[in-house]
Amino acid sequence: MAMATAFIYLLLAAPAFVYAVDYTVGDSNGWTSGVDYTNWVSGKTFKVGDALIFNYGGSHGLDEVTKSDYDSCVSSNAIDSHSDGNTRLNLTTTGSRYFICPTIGHCGNGMKLAVTVSAASSGGNTPTTGSSPTTTTTPSPAHSAATTSSCNMMMLVISLLVGGAFMG
Ligand SMILES: *[C@@H]1O[C@H](CO)[C@@H](O)[C@H](O)[C@H]1NC(C)=O
Ligand SMILES: [Cu+2]
């Protein structure tokens, strides 16, 4: 039974990993001069669990800054600075993040990136209430259609596992 329960949690947690995306900033160009990062960002959706990977040469750096410093290309109050040439940033919280290159003139010429991170997809939620595999719960009327169908899916999975546990 413990095995079955562990398996259910694995199934619930899986979507968060399935949809996590590692974004290489600027794709093959990397983090450098002459790339339009506003264009690179457009059409992309960043979610908690995704990561940004910055690849850059020694003439560049990576500073995370406030929006106002991003707007005015000021790196002296950087929240965080990196210069290792291959920086991975895990997006662990929702909200906007701002990055600039601190090398003189680069940010002004467009070497700056703003991303907005939204919550992970709802399928990745982990349950907070213990729905024991041996009890059946009736979806409450408050459930949305989407939630109800995922509840039904859950009950199916649980039934299969409980069935499997008895047979095995
Ligand atoms: C970022 O995520 C990767 C992959 O999930 C993990 O290996 C790494 O330890 C994380 N880094 C930090 C600083 O949390
Ligand atoms: Cu630069």
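The values are calculated or read from the model by the stated rules, or taken from the named source; none is laboratory data. Fair warning: this is a prediction, and the values are worked out from it, not measured in the lab. All Cβ positions, glycine included, derive from the backbone under ideal geometry; neighbour counts span all protein chains shown. Areas reflect the complete protein model, heavy atoms only, side chains present, ligands, DNA and RNA absent. Shrake-Rupley method; radii C 1.70, N 1.55, O 1.52, S 1.80 Å.
Selection of first residues in segment 80-92 that are at positive phi and of second residues that are in a loop (DSSP other than H, G, I, E, B) and open to solvent by 20 Å² or more (accessible area, probe 1.4 Å), restricted to Cβ pairs under 8 Å at least 6 apart or on distinct chains, gives the following pairs, ordered by first then second residue: GLY85/TYR56; GLY85/GLY57; GLY85/GLY58. Does any residue in segment 36-47 that is in contact (Cβ under 8 Å) with a residue 12 or more places away in the chain and among the charged types (D, E, K, R) come within less than 8 Å, Cβ to Cβ, of a residue that is surrounded by 11 or more Cβ atoms within 10 Å (Cβ to Cβ) and part of a loop (DSSP other than H, G, I, E, B) six or more places away or on a different chain, and which pairs are these? Sorted first by the residue in segment 36-47, then by its partner, the pairs are ASP36/GLY110; LYS47/TYR19; LYS47/ALA20; LYS47/VAL21; LYS47/LEU91; LYS47/ALA119; LYS47/ALA120; LYS47/SER121. Within segment 15-30, one or more residues are assigned to a strand (DSSP E or B), more than 16 Å from ligand 2 (Cβ to nearest atom) and open to solvent by less than 80 Å² (accessible area, probe 1.4 Å).
Only residues that are under 14 Å from VAL65 (Cβ atoms) and assigned to a loop (DSSP other than H, G, I, E, B) were counted in segment 75-102, giving 7. Scanning segment 61-81 for residues that are open to solvent by 50 Å² or more (accessible area, probe 1.4 Å) and within 16 Å of ligand 1 (Cβ to nearest atom), we see that the one that is nearest to GLY30 (Cα to Cα) is SER81. Only one of the listed residues (ASP63, ASP71, ASP36) is of a type in the set (D, E, K, R) and away from ligand 2 (no atom under 16 Å from the Cβ). That residue is ASP71. Tallying residues that are more than 22 Å from THR45 (Cβ to Cβ) and more than 12 Å from ligand 2 (Cβ to nearest atom) within segment 86-111 yields 1. Among the criteria (1) hydrophobic (A, V, I, L, M, F, W, C); (2) within 16 Å of ligand 1 (Cβ to nearest atom); (3) in contact with a Cys (Cβ under 8 Å, 6 or more places away or on another chain), the one ILE53 does not fulfil is (3).
Scanning segment 82-97 for residues that are within 21 Å of the chain's Cα centre (by Cα) and surrounded by fewer than 16 Cβ atoms within 10 Å (Cβ to Cβ) yields ASN86, ARG88, ASN90, THR92, THR93, THR94, GLY95, SER96.
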